[in-house]
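Undergrad: One structure follows; several queries about it will come next.
The values are calculated or read from the model by the stated rules, or taken from the named source; none is laboratory data. Just so you know, these numbers come straight off a predicted model, no measurement behind them. Heads up, the Cβs are rebuilt from the backbone with ideal geometry, glycines too, and the neighbour counts pull from every protein chain shown. Ligands, DNA and RNA are excluded from the accessible area calculation, which covers all protein heavy atoms including side chains. Shrake-Rupley method; radii C 1.70, N 1.55, O 1.52, S 1.80 Å.
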Amino acid sequence: MAFCGGAKRSLGSLLSIRMLNGSSTTASAANGGCFSSCVSNTRVTETQIPLGLASTQCGSAVFLRRFSVEASDHMSLIKQLRQRTSAPIKDVKAALVDCNWEIEAALKELRRRGKVLATKKSSRMASEGLLALAHSDSKAALIELNCETDFVARNEIFQFLALALAKHALLLEGSSQQVSGVFPIASEHLQDLKLNLEHPKISGETTVQNAITEVAAVMGENIKLRRGFVMSTASHGVVSTYLHSSPQPGLGRIAGILSLEVEDKNAELDAIQRIGSELAMHVVAAKPLFLTKELVSTDALESEHEILKSQAESTGKSQMAIDKIVEGRLRKYYEEVVLMEQKFIVDDSVNVKTLLDKLSKEVGSPVKIKSFFRMEVGEGIQRLEESSTSENLAEAV
């Protein structure tokens, strides 16, 4: 009886559930419903999922998949644009969002915003940077590209631009226009020239000024093309160069350049090139100001003479002794500032003049230094900045 009672209750319960489900099924079927079976602990029950809920779940899955794909695409675009520009990730994303995730449009927008940013930073002092050198056997071009920090000077985009500018400066004049000597290149003249860049982050044809502005926007610092020089030799000879603190060929923080010429047009240049490289290094290390004693400026000589005379008179010695002291110290002064009188840094047993005499005998024809030049990153900038600050303070007082 217990079993039958239990069976009846179970059957009744089952029928009740069936009736409830049946009524729901009728309504659901009328509405296009669907069913789902659930198996748990060997008991089988049938539960219904209304069509609206099923559709919502299916739509959510599609939405999630679509969202996942779009998010992946967006991250890929952000990565691509950041690699091409090196701009901060928040600026990259903002540009892409504003341009409906069109990467080329975002690139132009980022450049536009960057140019505004670069213009705002153009008043900040830029005393760091690099010298870039491009040269052939008879000509060399040297430019100084400045930035605010040494960190940016080590960036490969900055270095690429500096080398590109030097190579462009080397091509400014044809060989038929070469004149022996050192000639400055006005930065204003360079800025409007066209150049074609081939770099993953800055490429295509543009002007020098636009390229500088674009790199300034990418780096987030003030970048300036401060100055440039070209040295060439019109006669038979070589232009020799040396770069100190060089992160890669063609770049450095201090540069020495000089031209050596030989009278005999048929003379071999191998020995001249070897000595020329050593003399260019000498120029960097010894810091000469004049080529010969005769070229020492009158103002510099008179100023040094007055200083030496005042120092000698303080000793209380006779006038004859004072004159000898001044004469001896002037010779020392010439040895310090005149290239031909300086002791050669590679072999200090001879001076540069004696070195050239030996070279002339080796070559079989007179060899002379036509011109030399030394340049260092940032030289003079701090002094100018201090002078400007002093003037502003004086005006304020």
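Undergrad: Select from the stretch 303-322 the residues that are assigned to a helix (DSSP H, G or I) and among the β-branched types (V, I, T) and write down the one among them that is farthest from P288 (Cα to Cα).
TA: Residues of the stretch 303-322 that are assigned to a helix (DSSP H, G or I), as a first pass: 303-313, 319-322.
Of the ones still in play, those that are also among the β-branched types (V, I, T) are 307, 322.
Values: I307: 20, I322: 27 Å.
Only one residue fits best here, namely I322.
Undergrad: Considering only residues of the stretch 329-342 that are charged (D, E, K, R) and either open to solvent by less than 90 Å² (accessible area, probe 1.4 Å) or more than 37 Å from the chain's Cα centre (by Cα) (or both), which is farthest from A280 (Cα to Cα)? Even if it seems obvious, please write down each step before you answer.
TA: At the first step, the residues of the stretch 329-342 found to be charged (D, E, K, R) are 329, 331-332, 335-336, 341.
Now narrow it down to the ones that are either open to solvent by less than 90 Å² (accessible area, probe 1.4 Å) or more than 37 Å from the chain's Cα centre (by Cα) (or both): 329, 331-332, 335, 341.
On the way: R329: 27, R331: 24, K332: 22, E335: 17, E341: 15 Å.
So the residue we want is R329.
Undergrad: Residue by residue through the stretch 328-366, note down the ones that are of a type in the set (F, W, Y) and in a loop (DSSP other than H, G, I, E, B).
TA: Of the residues in the stretch 328-366, the ones of a type in the set (F, W, Y) are 333-334, 344.
Answer for the stretch 328-366, where residues must be of a type in the set (F, W, Y) and in a loop (DSSP other than H, G, I, E, B): just F344.
Undergrad: Restricting to the stretch 182-235, give me the number of residues that are part of a loop (DSSP other than H, G, I, E, B) and open to solvent by 30 Å² or more (accessible area, probe 1.4 Å).
TA: The number of residues fulfilling the criteria is 9.
Undergrad: Also, quick follow-up: Can you tell me which of (1) under 38 Å from the mean Cα position of the chain (by Cα); (2) closer than 22 Å to K358 by Cβ; (3) of a type outside the set (S, T, Y) is the one K293 doesn't meet?
TA: All conditions are met except number (1).
Undergrad: Return the residue satisfying two criteria in turn: it lies in the stretch 247-260 and is more than 14 Å from the chain's Cα centre (by Cα) and surrounded by fewer than 20 Cβ atoms within 10 Å (Cβ to Cβ), and of such residues it is modelled with the highest pLDDT.
TA: Out of the qualifying residues, it is I254.
Undergrad: Can you name the residue in the stretch 140-155 that is in a loop (DSSP other than H, G, I, E, B) and of a type in the set (D, E, K, R) and, of all such residues, is farthest from A166 (Cα to Cα)?
TA: Taking the stretch 140-155 first, the residues in a loop (DSSP other than H, G, I, E, B) are 148-149, 154-155.
Adding the requirement that they be of a type in the set (D, E, K, R) leaves 148, 154.
On the way: E148: 20, R154: 17 Å.
Ranking the candidates gives E148 first.
Undergrad: Residues I325, I275: which one is open to solvent by less than 70 Å² (accessible area, probe 1.4 Å), under 27 Å from S365 (Cα atoms), among the hydrophobic types (A, V, I, L, M, F, W, C) and in a helix (DSSP H, G or I)?
TA: After applying the criteria, what remains is I275.
Let's see how each residue does on (1) of a type in the set (K, R); (2) touching a Lys or Arg at 6+ places or on another chain (Cβ under 9 Å); (3) at pLDDT below 90:
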| position | (1), (2), (3) |
| --- | --- |
| I272 | no, no, no |
| G276 | no, no, no |
| M281 | no, no, no |
| V284 | no, yes, no |
| P288 | no, yes, no |
| K293 | yes, no, no |
| D299 | no, no, no |
| H305 | no, no, yes |
| S310 | no, no, yes |
